[in-house]
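Take a look at the structure below.
Read the figures in this text as sums done on the coordinates, not as results from a lab. In this text the structure is predicted, and so the values were computed from the model without any measurement. Ideal geometry is used to build each Cβ from the backbone, glycine not excepted, and the neighbour counts take in all protein chains shown.
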Amino acid sequence: MMESNRGRVWSEASRLLLRSGPGRKLRSAIAARKPANLSGLPDPAKSFLAASLIEQESKRALVLVPDEARARAMREELSAFLDQDQILTFHGRELSLYDARAVSREVELERTSILTRVAAGDYQLLIVPADAALQRLRSPEVFLSFALNLSTGQRIDPLELEGDLIQAGYERVAQVESPGQFARRGDIM
C-alpha cells in the first residue's frame, strides 16, 4: 500500500512539474528536437526533472554531468524514481602515463557492456561525465562488428572463435581468472 501511494505521489508531482510554464517549454523544445537551457535548479531537482521527462515522454535520455562524483550522486537520486537496472553510467577511460597494462580491465569491460546496451536501446537514462564525453570512441558500426553472439549448442570452429575473441580484445590464458580472458583445451573453450 505504501509503495503504490508513493508511486502515485511521484507520478502526480511529475505531471505537475511538466505542466508548469518551464515544464511545458522544456517539453516543446524536446518535441521540436531543439536545445533547452534550464538554470538555477539544485542537483536533486535536475534528477527529478530527468526522471519526470522519461516517465511522461516514454523516451530514453542522456544526461551530461561535470564529473564522476556528480554521476554517482545523480544515479543514486534517480534510483528513487527509475528502475536502477535502466540507469547506466558511462565512466571515463582510466589514463595511465606509465603503463597501459595498469589500466583496469574491469572498467573497460563495464564500458563495453554499457556501449552494447546503448546500441541495443536497453536503457532509460545514460549518465555521462564530461571527461567520458570527450574521449573518442569507434563508430557504432565498427564497435558492433566485434560483437560475438554465441548460444548453447551452437557449433563453431575453435580456431575461428579463438581468432574472433582475440580480435575483440580477449586475452588467451592457461586458466581463466577474470572476465575478458579465455582458455582453450583442444576443442573446448
Task: ALA36-LYS59 pseudo-label distance in nm [points 7 Å out on the Cα-to-Cβ vector] - done: 0.9 nm
Open item on the list: So, R0 is 35 Å and r is the distance between the beta-carbons of SER178 and SER79; what FRET efficiency does that work out to, to 0.05?
Closed with: 0.80
Open item on the list: Starting from the Kirkwood Rh over alpha-carbon pairs, what translational D in µm² s⁻¹ does the stretch 148-189 have by Stokes-Einstein at 20 °C and 1.002 mPa s?
Closed with: 198 µm²/s
Task: Vicinal HN-Hα couplings computed from phi for the stretch 16-29 (Karplus, 6.51 cos²θ - 1.76 cosθ + 1.60; Hz; Gly/Pro x) - done: 4, 4, 7, 8, 5, x, x, x, 5, 4, 5, 4, 6, 5
TODO: Normalise the Cα radius of gyration of the chain by 2.2 N^0.38 Å (N = residues in it) and let me know the number.
DONE: 1.31
Open item on the list: For q values of 0.19 Å⁻¹, compute log₁₀ I(q)/I(0) with the Debye formula on a Cα-only model of the stretch 49-93, without solvent.
Closed with: -0.58
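Of the peptides 75-85, 16-26, how do they stack up when ordered by the mean number of other Cβ atoms within 10 Å, highest first? Walk me through the intermediate numbers first.
Numbers: 75-85: 15.8, 16-26: 13.5.
The packing order, highest mean first, is 75-85, 16-26.
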Open item on the list: If R₀ is 22 angstrom, what is the calculated FRET efficiency for the pair ILE166 and GLU108, using the beta carbon separation as r and rounding to 0.05?
Closed with: 0.90
- [ ] Collect residues whose amide H, placed 1.01 Å from N in the peptide plane, falls under 5 Å from the amide H of VAL63; neighbours closer than 5 in sequence don't count.
- [x] LEU126, ILE127, VAL128
TODO: For GLN154 and VAL142, compute 0.36 nm times the residue count separating them, minus their Cα-Cα distance, and round to one decimal in nm.
DONE: 1.9 nm
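For THR116 and ARG185 in one chain, what is 0.36 nm times their gap in residues minus the Cα-Cα distance, to one decimal in nm? Please list the in-between numbers first.
Working: separation 69, 0.36 × 69 = 24.84 nm, distance 2.89 nm.
That pair, THR116 and ARG185, stretches by 21.9 nm at full extension.
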Open item on the list: Placing unit charges on C-beta atoms (Lys and Arg positive, Asp and Glu negative, everything else neutral), compute the dipole magnitude of the stretch 2-147 about its Cα centre in debye, rounded to 20.
Closed with: 760 debye
